[in-house]
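One structure is given below, encoded as structure tokens.
The values are calculated or read from the model by the stated rules, or taken from the named source; none is laboratory data. Bear in mind the structure is a predicted one, so any value in this text is a computation, not a measurement. Here the Cβ positions follow ideal geometry from the backbone for every residue, glycine too, while neighbour counts run over all protein chains shown.
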Amino acid sequence: FICRYVHTYLSIFPGLPCLHLESALLKPGSNMFILVLGLLVGTSSPDMGTNHGKSPDSHNHGPQNQGNHTQSKKPFPVLSLGYDHVRLPFEISLWVLLASLMKLGFHLIPRLSSIVPESCLLIVVGLLVGGLIKLVGEIPPVLESKIFFLYLLPPIILDAGYFLPIRQFTENLGTILMFAVVGTLWNAFFVGGLLYGVCQLEGHRLVTVDLLSCLLFGSIISAVDPVAVLAVFEEIHINELLHILVFGESLLNDAVTVVLYHLFEEYSSVGSITVMDVFLGIVCFLVVSLGGIVVGAIYGILAAFTSRFTSHTRVIEPLFVFVYSYMAYLSAEVFHLSGIMALIACGAVMRPYVEANISHKSHTTIKYFLKMWSSVSDTLIFIFLGVSTVAGPHEWNWTFVMATLIFCLVARVLGVVGLTFVINKFRIIKLTSKDQFIIAYGGLRGAIAFSLVYLLKTEHFPMRNMFLTAIITVIFFTVFVQGMTIRPLVDLLAVKKKQETKRSINEEIHTQFLDHLLTGIEDICGHYGHHHWKDKLNRFNKKYVKKCLIAGERSKEPQLIAFYHKMEMKQAIELVESGGGAKLPSALPSTVSMQNIQPKKPPQDRALPQLSKAREEEIRKILRTNLQRTRQRLRSYNRHTLVADPYEDGWNELLIKRKKMMELEKKMNNYLTVPAPPPDSPTIARARLASDPQAWGLKSVTESIPTIKVDLASPQSPESVNVVDEFGKKGSQSKASKEEEGGLTMKVPSPTKQRKDKTADEDNDKEPQQRLMRCLSDPGPTAEEEDEDEAFLP
Amino acid sequence: KLRSPRVSIEQIKNLHNRFTYLTQDEDTLRREHLENISNLALNPIRRQIIEAFFDKRNMGEKEKGCLQEIGFEEFVTVLSFFRPPKPRTADEEMKNVKKEKLRFLFNMHDTDKDGIITLDEYRRVVEELLSSYETIGAETAKAISDAAMLEVASVTVGQMGPDEFYEGITFEQFMQILKDVEIETKMNIHFWNLDTRTMQCGK
């Protein structure tokens with residue numbers, strides 16, 4: 001049916017060969033693919049005359065005459081076709097859809113994605129699509145530079161900048177800067193100069209290429225491309241040091257590229273450069289890079305400050321992050337500063353403060369949106385590279401292209417080796433030759449170079465098409481050959497891979513301890529080194545900056561505690577996701593619990609008659625069943641406000657309450673001879689869970705702790721965490737405390753009886769009590785639940 | 001005692017200058033001299049750092065105890081724990097370097113010198129780390145150190161019956177839990193490599 005529909009659709013436009021879609025392969029995935037392709041081809045052909053000049057990224061370049069739509073003197077059209085006004089969004093959506101389906105398809109084919117990196121496959125798809133479009137007789141769309149720089153590139157860079165590992169980045173900053181600035185300059189001049197020499201030697205057609213054009217070409221092609229690097233390196237999982245070196249270099253060389261590009265472009269028409277220009281170029285470089293960073297930092301601080309006030313409108317929190325970052329990029333572009341550096345600076349500056357202010361859900365949203373956008377952008381870029389290759393005007397010249405390729409490779413290797421030799425004198429962790437090889441091999445070129453060449457005007461640069469061909473060849477070579485072979489080479493050379501270790505609390509404690517220790521030693525030696533300044537910056541941050549940019553109590557939270565919370569939260573969610581109980585993914589198969597660690601208390605005089613074990617069991621059972629029975633859904637999900645999350649907003653109160661309840665708990669424990677383990681963090685909880693689920697159930701009976709109930713049946717199960725505030729309303733709390741106090745002071749008589757009565761009373765009290773929960777639409781009471789201790793500190 | 005020939009004469013000279021500056025031209029260094037360093041006053045773990053300089057265990061001797069004052073030789077000995085390893089160090093030797101540095105850290109935590117870090121000692125470590133934040137109570141430090149201790153026990157010992165008591169972290173266990181933190185590369189002071197002109201000796 002679908003095929004027939006498309007058939008008729010296409011046949012509306014005369015002059016178009018009808019694609020025989022019925023002869024398509026029968027596999028459903030391919031069918032969809034063919035359909036999308038067909039639609040794409042079909043929509044790219046008809047002429048929408050009115051729209052043609054207006055939309056800059058129109059996918060249609062072919063002048064076809066059309067117009068079967070309007071009819072005169074007909075009865076009222078029940079069903080008519082009005083494609084014009086949705087054309088642009090329609091085509092964009094089709095392209096995005098194609099890109100995403102491609103990505104999907106690759107992972108369905110079993111072994112393909114492990115041999116060939118995605119970027120290669122996407123370029124091949126682009127080639128095919130471009131070929132198809134050309135076959136149909138149309139001009140395929142080209143990767144317009146404006147679209148690329150304004151819409152496709154920012155999401156990728158923002159994603160990289162927001163999640164930049166700051167610690168490793170700053171530790172290796174010197175090395176990265178050396179590679180980015182000096183390395184790129186070296187590459188540019190080496191390639192440009194040698195190419196000029198080759199052009200002069202070659203004679204006839206090439207002799208017209210002057211030095212400045214060659215240098216311009218050299219500077220464009222020498223820049224390592226962040227998109228390509230990310231695409232390839234993400235799949236090979238090498239160790240963090242190498243990753244941050246190559247990736248950092250690809251980000252920071254943008255400033256160099258921008259300056260060189262503008263410098264040579266400006267003066268190529270004039271024909272010569274003076275020393276003054278060079279000097280101004282250096283000043284320009286400083287302005288461009290530092291200016292970009294400053295612009296980014298300003299927007300980052302603004303974003304952090306804004307996020308301080310978003311506690312009542314959590315839903316739009318992610319929007320601030322995105323919009324401020326994009327504005328930073330655009331503002332930098334207005335002044336011809338380095339947009340990439342602005343974006344990185346913005347993301348890196350705002351992240352610690354924004355994350356302290358926003359809700360957990362917003363954090364997840366930001367993460368996923370960034371990943372999604374950057375993924376789509378990435379895919380589209382590679383596909384368009386393929387399509388543009390088919391489309392673009394080419395001028396092949398064996399000498400030039402081959403020379404370019406060889407010089408690029410040679411320049412890269414020489415540059416890396418030379419620079420490493422110098423850098424290793426200043427590094428503690430020296431770069432080995434294996435590292436150098438990977439750094440040199442990982443210098444991939446990509447779409448940025450292509451777009452920059454595309455921006456050149458043919459009037460000023462008569463050899464522009466040749467440049468384009470050469471660049472595409474280099475890009476293809478680096479992405480295909482180097483991209484495909486880097487993975488087996490990494491395995492062959494046994495390069496250290498990324499360690500998938502989770503940070504433990506011990507490591508965090510000791511890392512912080514080490515920081516302070518090293519700062520102290522530096523102070524004793526009187527050496528104002530790396531740690532000294534880092535410590536000063538931290539102190540400044542803590543004293544002034546955090547107070548301004550972080551809302552409420554979190555501004556005073558030490559890093560260790562923030563880390564602890566984060567870890568507990570993660571463990572809680574993990575526990576929930578794994579369904580709790582039997583199969584904990586990372587459960588420690590140990591029976592160690594708090595008892596083993598706490599020094600044994602000396603046996604106290606028990607002036608109280610002991611409870612028989614059976615009695616205690618009974619009490620516990622009653623408490624437990626009553627706890628489990630009550631769950632009420634209070635409010636339904638409201639699009640504008642998520643129900644207030646007690647432990648995000650009522651932070652302090654909760655801490656105080658928890659503290660009180662802990663003390664009560666302790667007192668209660670004194671009465672029970674069967675030692676009830678005190679409420680522990682989920683670390684301990686997990687350990688217990690793995691060993692003894694029954695004990696777990698018993699433990700949760702202690703009603704004084706706010707527990708987290710998870711509704712596993714709810715649609716957003718892993719994220720939906722309901723906080724049961726056990727002592728929400730004063731009623732039972734004061735009663736409990738009173739009884740407890742009473743029990744303690746009296747010390748003698750039948751605390752058991754009292755206890756039993758009390759618990760019975762309390763249970764009755766509990767039922768009608770409102771429990772504060774964060775609710776999402778609830779399909780109904782669930783059969784099983786997970787009780788868990790609140791994942792935060794007392 | 002300084003086993004490495006890489007330590008240049010000039011670096012020793014600079015350190016000696018610093019030593020004399022700290023002791024105000026006396027022969028031996030005492031605790032008060034170190035406490036007078038103004039920058040150190042802001043450091044949350046300054047007491048432990050100062051103690052480390054007077055700890056006999058760090059001087060390579062088998063005995064335990066504290067010295068009251070140290071000479072220049074001991075000063076440099078302690079500082080040599082922060083020497084970066086040579087670039088082409090064999091794996092075996094790297095392990096030794098790591099062990100030495102971890103031993104230094106361990107000694108800093110083990111204040112009663114019994115070879116085990118007990119829960120109390122660990123708690124004190126965490127409390128000191130958090131001491132610069134006034135709003136954090138002792139309960140919090142306790143919770144963190146409890147969780148950390150439990151983790152150590154779970155990872156190193158594994159199975160324990162409900163009645164067994166976990167004494168504390170031994171040195172082997174300490175090495176085990178910190179094996180992923182690359183101590184040999186992190187616990188270094190740059191100045192052993194850099195031009196000593198950057199040291200503010202005597203200023």
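Points to keep in mind about this one:
- Residue that is nearest to the chain's Cα centre (by Cα) [pool: residues in the range B:67-98 that are of a type in the set (Val, Ile, Thr) and more than 10 Å from every other protein chain (Cβ to nearest Cβ)]: B:THR77
- Check on B:ASP163, at pLDDT below 80 and more than 7 Å from chain A (Cβ to nearest Cβ): yes
- Criterion: within 27 Å of A:THR404 (Cβ to Cβ), among the aromatic types (Phe, Trp, Tyr) and more than 29 Å from the chain's Cα centre (by Cα) - qualifying residue of A:PHE279, A:PHE247, A:PHE233, A:PHE217: A:PHE217
- Restricted to the range B:9-104, the set of helices (runs of 4 or more DSSP H) holding at least 2 residues that are buried (at least 17 other Cβ atoms within 10 Å of the Cβ) and of a type in the set (S, T, N, Q) comprises B:9-23.
- One residue from A:PRO117, A:PRO140, A:PRO110, A:PRO155 being assigned by the TED database to the domain that holds A:ILE429 and over 30 Å from A:ILE429 (Cα atoms): A:PRO155
- Some residue of the range A:218-230 being under 30 Å from A:SER114 (Cβ atoms), out of contact with any Ser or Thr (no Cβ under 7 Å at 6 or more places or on another chain) and among the acidic types (Asp, Glu): no
- Test result for A:GLU553, modelled with pLDDT of 75 or more and within 12 Å of chain B (Cβ to nearest Cβ): no
- Restricting the range A:348-372 to residues that are more than 14 Å from A:GLY300 (Cα to Cα) and of a type in the set (Ser, Thr, Tyr), the residue that is surrounded by the most Cβ atoms within 10 Å (Cβ to Cβ): A:SER362
- In summary, A:GLY529 fulfils each of the numbered conditions (1) at the interface with chain B (Cβ under 8 Å from one of its Cβ atoms); (2) more than 16 Å from B:ALA52 (Cα to Cα); (3) out of contact with any His (no Cβ under 6 Å at 6 or more places or on another chain) with the single exception of condition (3).
- When A:GLN512 is tested against (1) buried (at least 19 other Cβ atoms within 10 Å of the Cβ); (2) more than 7 Å from chain B (Cβ to nearest Cβ); (3) of a type outside the set (Asp, Glu), just one condition goes unmet, and that condition is (2).
- Residue check for A:ILE475: within 30 Å of A:ILE439 (Cα to Cα), in contact with a Lys or Arg (Cβ under 6 Å, 6 or more places away or on another chain) and either assigned to a helix (DSSP H, G or I) or within 7 Å of another protein chain (Cβ to nearest Cβ) (or both): yes
- Residues in the range A:526-545 that are modelled with pLDDT of 80 or more and crowded, with 19+ Cβ neighbours inside 10 Å: A:ASP535 alone.
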